[in-house]
Amino acid sequence: MTINHGSIVSRHFEQSEKSLFAFLSLILFTSVWTLALATPTADLLFGPWTRASNDPILSPQGTTWESAGTFNPAVVLYKGKIVMLYRAQDAAGTSRLGYAESTDGIHFTRRLEPVLSPETDYEKDGGVEDPRLQKFGDTYYLTYTGYNKKDAQLCLATSRDLLHWQRKGVILPAYKGNWNKGWTKSGAIAPAKIDGKYWMYWLGTAADKTDQMGLSYSDDLLHWTEATETPVLPRRPGMFDSRVVEPGPPPIFTSRGILLIYNGADDHLVYRTGIAIFDRNDPRKLISRTDQPVFAPEKEWEKVGQVPNVVFVEGMVQMMRKNRFLCYYGAADKYVGVAEAPATRVTNASH
């Protein structure tokens, strides 16, 4: 199965006629990017990525449920803290979701027990993997991969406190769809309705056995309809995303469109990070995507682990007082790292 992951700064972007770098001015919502508020506050430039910590901020521990790996985190701001749900793996390869919280975004305190463990037939033995979080109203929506050592399928659970979760079942079954011939994973839901629908980017497997990105829409977040006949963000032969194109954190709305961080892998399965922009009024329409990765494995702990040469971004929050984004990623399918992307105010960005 594909397990997620991308650290080199690039200012060169692929666009139909012009450079993408100058165009990455964002209009963010007033408090945190995960909340769908009505009025944006400012144009922001999504600046170069650097590591906020040179060491892992979460590592495997103990001899039981998180002894082999702690990686691929989702994050949200909750009651003044950053709450992280992370994938924890035991020695047998079964995954559960752990809970940790932090006041500074770097130092996290974990709960002793997982908050979501495998219980159903579609999670048996393999477990629950690779969370992403989105909030609507007072409810948090958790997309995750249910894996039973045979099939991996995209699932949904809900909570109001991030601790107690109610399963909603498989929302995108494997081996079904317009182009998907394999597993379904990595659901990244947009922060607000577009044209009266919820929209979700996800990972599927094409007929050529490469993993590419799909798009579906829903009226109720439970029942989803595929929006395209082909991958909405296809792989690019010979580039950093030639083998895998997988959603990262839930997308954010910007002045230029829907900004989606994604994880790309090349033919050697080195995972790096890219950025794509989709039309704000039509999430199927790709406007731009990075020609070079914005983040890639460099540290030893990003290159050596359960799966080598992987950085895989799954969570992001905006720290308003310090005018920066914190991007949380899995490293080598063993650790959690955090990168920092500054949000620089601009007045007249060129396009």
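The values are calculated or read from the model by the stated rules, or taken from the named source; none is laboratory data. As the structure is a computational prediction, the values presented were derived from the model and not from experiment. Methodologically, a virtual Cβ is constructed for each residue, glycine included, from the backbone with ideal geometry; neighbour enumeration extends over all protein chains shown.
Select, from K285, K299, the only residue that is surrounded by fewer than 17 Cβ atoms within 10 Å (Cβ to Cβ), over 22 Å from T143 (Cα atoms) and basic (K, R). From the options K285, K299, the qualifying one is K285.
If you take the residues of the stretch 198-247 that are outside any strand (DSSP E or B) and of a type in the set (A, V, I, L, M, F, W, C), which of them is nearest to A152 (Cα to Cα)? Give the steps one after another, and end with the answer.
Restricting attention to the stretch 198-247, the residues satisfying the condition of being outside any strand (DSSP E or B) are 206-210, 219-223, 227-232, 234-243.
Right, trim to of a type in the set (A, V, I, L, M, F, W, C) and you get 206-207, 221-222, 227, 232, 239-240.
On the way: A206: 15, A207: 17, L221: 19, L222: 18, A227: 21, V232: 20, M239: 26, F240: 24 Å.
Ranking the qualifying residues of the stretch 198-247, first place goes to A206.
The set of residues in the stretch 153-191 that are surrounded by fewer than 21 Cβ atoms within 10 Å (Cβ to Cβ), in a strand (DSSP E or B) and not aliphatic (A, V, I, L, M) comprises T158, S159, Q166, R167, K168, G169.
Filtering the stretch 99-152 down to residues that are in a strand (DSSP E or B) and of a type in the set (F, W, Y), which residue is surrounded by the fewest Cβ atoms within 10 Å (Cβ to Cβ)? Reasoning before the result, please.
The initial filter retains those residues of the stretch 99-152 that are in a strand (DSSP E or B), namely 99-102, 109-110, 116, 127-136, 139-147, 152.
Right, trim to of a type in the set (F, W, Y) and you get 99, 136, 140-141, 144, 147.
Numbers: Y99: 20, F136: 16, Y140: 22, Y141: 21, Y144: 30, Y147: 26.
Looking at residues that are in a strand (DSSP E or B) and of a type in the set (F, W, Y), I get F136.
Residues in the stretch 278-315 that are closer than 23 Å to T50 by Cβ, at pLDDT 95 or above and out of contact with any Phe, Trp or Tyr (no Cβ under 6 Å at 6 or more places or on another chain): A296, P297, E298, K299, E300, E302, K303, V304, G305, P308, N309, E314.
Scan the stretch 173-200 for residues that are more than 17 Å from the chain's Cα centre (by Cα) and among the aliphatic types (A, V, I, L, M) and jot them down. Of everything in the stretch 173-200, those that are more than 17 Å from the chain's Cα centre (by Cα) and among the aliphatic types (A, V, I, L, M) turn out to be A174, I194. Within the stretch 268-296, the set of residues being over 21 Å from F253 (Cβ atoms), assigned to a loop (DSSP other than H, G, I, E, B) and touching a Pro at 6+ places or on another chain (Cβ under 8 Å) comprises V270 only.
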